[in-house]
Amino acid sequence: MIGSSGILRTRSCIVLCLGFLTIGSPAALASDCPGHPDALGTSRTLVVDPREHPRIGTMQYRETLPLKDHEVVLTFDDGPLPKYSNQVLQILADECIKATFFIIGGQAKANPEGVRKLVAAGHTVGTHSMNHPLTFDRMPIEKAETEINGGIEWTSAAMTDPSKLAPFFRIPGLMRADGVENYLISRGIQVWSADFPADDWRHVSSDRVYQLAIQRLEAKGKGILLLHDIQARTVAALPKIIRDLKARGYRIVHVVPATADRPATPTTPVEWLLHPPTETVPIARWPGVPNFVFTQTTTLPAPSLADLNAQSAHEPLLPRRTKAQADVASTLPVPGPDLFAIPEGSIEVLLSTTLSRRAATRLAMAAQTPRGAKGKAGKPHAPRSAQAPNPAPQAKGTAPRPTHIATSAKKRA
């Protein structure tokens, strides 16, 4: 045990007394455990209505139990198995801790006395199916109903007072399915998952079970712990888990269902979230866009240009000059065909074929040769096939065309 017993005793009493005075619910304090003055005890009893919050446990669902910081709910699955369940019962009794047990119908049928011991000790008893199949997520709904009803029937039959059976159900292996959950909810049965497990169903040591339970609880700060009362490793780890809960200032909460004589504990919706949002913590994602409901599906007609320029007592939406400018643009003259005409025999025409391009090149070179130049180098000869046609007569006063220059150069040659 960490620290002296006197320090732990004082801390435990202070924490539990404060919780008792704040909540005002019945609680088993450490001083109520004969022979165990330093017991952890149960700080308060939480009454829940399964119909108001049908799914709990953040391992699978959005909501969990409305616990305060450093509050823990202990849950045990798969019992009763006398060899180990009786030892778990004794450990809890020595600490005056109340827990929730999810019973398998087959175990209740084989060990009805174990179910009665749980009820007599004041624990909450729920169900865990008839045979614990790990196929609830894919089995036909008819078979799932048989498993659920069988577990309820044999567990209630083992009780002296069947009304003590709580409408709590945990799906074996947490293999959830919508059809199964909807069936349970329709019967007013609350579906329990968990906030963190200790992996005590795996082949690990008891020390590892203890370490995982404390580490995951510290990470969450509060929540529902999932254990199994049919494992030797759980029996060995449970005292160490309880020891650390006391040392770290955690408190045990007992959960019971609401009845006509026992109303649900008043809570707010935000308390059913493991970590409620605050004004100082930003949200992790943008809120979803709501689905709006429209009164009709018809749409208004699109406005036309005439509507925008309609005459009214007010100024038009568009300036009046906009339409005037459009009228001016539509009255421009159409260009004549002679604007794009190319005279016959021009260099542009000669360039349209390969041979003509060669002739046009020679003519252009001849036109650039000075008139007084002598020698064969200054007298280029164009082939006959590349000769240009006779040019059309030219009006007086007009500039000479390139074809005339080429013709005179040919005569000089």
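The values are calculated or read from the model by the stated rules, or taken from the named source; none is laboratory data. Bear in mind that the values here come from a model prediction, so they are computed numbers and not experimental data. FYI the Cβ positions are ideal-geometry reconstructions off the backbone, even for glycines, and counts take in every protein chain you see. Ligands, DNA and RNA are excluded from the accessible area calculation, which covers all protein heavy atoms including side chains. Shrake-Rupley method; radii C 1.70, N 1.55, O 1.52, S 1.80 Å.
With Cβ to Cβ distances under 13 Å as the rule, what net charge do the other residues near HIS275 carry (K, R +1; D, E -1)?
Numbers: positive: ARG62, LYS68, LYS220, LYS222; negative: GLU63, ASP69, ASP195, GLU271.
Net charge around HIS275: 0.
According to the Kirkwood expression over distinct Cα-Cα pairs, how big is the hydrodynamic radius of the stretch 140-236, in Å? If you can, show how the numbers build up before the last one.
Working: mean 1/r = 0.0648 Å⁻¹.
Answer for the stretch 140-236: a Kirkwood hydrodynamic radius of 15.4 Å.
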To the nearest 10 Å², what's TRP201's accessible area with a 1.4 Å probe?
110
Based on Cβ point charges of +1 for Lys and Arg and -1 for Asp and Glu, what charge dipole magnitude is obtained for the stretch 36-154 about its Cα centre, in debye rounded to the nearest 20?
120
